[in-house]
Amino acid sequence: MQPASTNIHIPPEIVELFVDELALQHDHSSKAALRACALVSKGVHDRVACHLFSTINLIQKDGWGVKKMTERLEDLLQLLTNNPGIGPRIRTFSLETKAPHEHLNFDFMNLEMHMLPAILRPLIHLEKLSFRNLQGTVRFSLLGEPLVPVFKELLKSPSLSSLELRNIDAFPLKLLTSCTGLKNICLTNPLMEHDYDDYLDMPKPPSTPLLFPFMLESAVFFDSAPAIEGLLGSCNALSSQVFCRLRHLTVAFHSHKDILTAWGIMLQASESLEVLTISRLTNSNYVNLVENPVDLSLLHALRCVDVIIGTGNGTTTPKALCKLFTTKESASNIELIRFNLNYGGVVAGDEELLFRSDRGWSALDEALTSGKYGALKNVVLKLSLNYQWSTAAIVEAQKATIISYARRMLPMVRASTKLRVWVKMINMTAKE
């Protein structure tokens, strides 16, 4: 009698599920186990490679100069060159640099970026592309002329759905006219219109509307009025509706032009926009507008509004909020409002001055409890207070008092909805 075989046949589908589950874990032991699985067979190796190389994040760490970052790029280029099968498996590519303003010259960027075209060219199935510079603003032209045709080919790929350019100046919108699959875009701090005369080699806003074949689902725009104008201009064309399916929008109300262009986006997305995030609302350009162009009640699908405010003393904060939430037309469908207020230079014992009723809190309370906000279920007030010249013990002792001040400023909201107050205390000087 032959002994029973000890070999166990596991269906390939089960093995693939096991590999996929390991890839979802982010601990070191799971990653090591995933790499070990690659040695089992060619089929398993291919499945593992899809996970190991699906995302490439190149981040310039603190203290890394051009030489160190160049070495990392060279290593990646060598990996892609020696393994042609890896490039098509990459779905997300992200490059994060820290080039300060004073170093923004061609030599600095050229040393670091000359390998990018060769690195990006094999990424034929890329879904997410991100360039971020954290310490300054990089002119797109400084990334290198050879990058433009490669960049254009990437944007033409139907697989590309997400593009992020943070602190990249003067990105030519014309490159987006061949991008058919784009759904998510992030443009922050591009060249402002008044700067075009200073950089004659920069692309200027198009004189005729460009036609964009994509419809966005989410968008982030900071200091991006010229870019927004270019995208909005296309909406006048019969064949283009860039923002008609937009569901998530993040914008900064930094200038009057920012407000007008952002409102143009909202109107285009009035039947689809669900989540709106606004920052820098306390800018005097908004508070002092003779006629407020924004009316949130016209955004019929809007359910959540986040307002992020950085302010020195809170003088204009409630006035700006009241102006934003004063509706002119029909009732709003908003269900959740979150106010994120960041106060700097706070002196212990003077916190009550931030919540004085003469600064507009009463008017904001009335606006939110008017009949125009019948759908409102929750209001969240998040306060971040940065203290100076105080001990940690004194700062912490003020927390309960601050919460009571904040809740007292919106009594009608508190009575009609669920008002929640969160407080974060930051002591800038004490070491306790």
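Here Ala363 meets each of (1) open to solvent by less than 40 Å² (accessible area, probe 1.4 Å); (2) in contact with a helix residue (DSSP H, G or I) (Cβ under 6 Å, 6 or more places away or on another chain); (3) outside any loop (DSSP other than H, G, I, E, B); (4) modelled with pLDDT of 80 or more with one exception, condition (1).
Go through the range 275-296 and give me each residue that's under 21 Å from the mean Cα position of the chain (by Cα) and modelled with pLDDT of 80 or more.
Kept after step one, since they are under 21 Å from the mean Cα position of the chain (by Cα), are these residues of the range 275-296: 275-283.
Val275, Leu276, Thr277, Ile278, Ser279 - these are the residues of the range 275-296 that are under 21 Å from the mean Cα position of the chain (by Cα) and modelled with pLDDT of 80 or more.
All conditions but one from (1) touching a residue at least 60 places away in the same chain (Cβ under 8 Å); (2) surrounded by 20 or more Cβ atoms within 10 Å (Cβ to Cβ) apply to Leu173; the one that does not is (1). When the range 173-201 is limited to residues that are assigned to a loop (DSSP other than H, G, I, E, B) and in contact with a helix residue (DSSP H, G or I) (Cβ under 6 Å, 6 or more places away or on another chain), the one that is modelled with the highest pLDDT turns out to be Cys179.
So is Asp20 acidic (Asp, Glu), surrounded by 11 or more Cβ atoms within 10 Å (Cβ to Cβ) and on the phi < 0 side of the Ramachandran plot or not?
Numbers: acidic (Asp, Glu): yes; surrounded by 11 or more Cβ atoms within 10 Å (Cβ to Cβ): yes; on the phi < 0 side of the Ramachandran plot: yes.
Criteria met by Asp20.
If you go through the range 369-392 one residue at a time, do you hit one that is buried (at least 20 other Cβ atoms within 10 Å of the Cβ), in contact with a strand residue (DSSP E or B) (Cβ under 6 Å, 6 or more places away or on another chain) and at pLDDT 90 or above? Yes, the range 369-392 has at least one match.
Out of Met266, Met215, I need the residue that is among the aliphatic types (A, V, I, L, M), open to solvent by 10 Å² or more (accessible area, probe 1.4 Å) and either modelled with pLDDT of 85 or more or assigned to a loop (DSSP other than H, G, I, E, B) (or both). Which one?
Matching residue, one of Met266, Met215: Met215.
The values are calculated or read from the model by the stated rules, or taken from the named source; none is laboratory data. Keep in mind the model is a prediction, meaning the values are calculated, not measured. Neighbour counts are summed over all protein chains in view; Cβ atoms, including those assigned to glycine, are modelled from backbone coordinates with ideal geometry. Please note that ligands, DNA and RNA were not included when accessible areas were found on the heavy atoms of the full protein model with its side chains. Shrake-Rupley method; radii C 1.70, N 1.55, O 1.52, S 1.80 Å.
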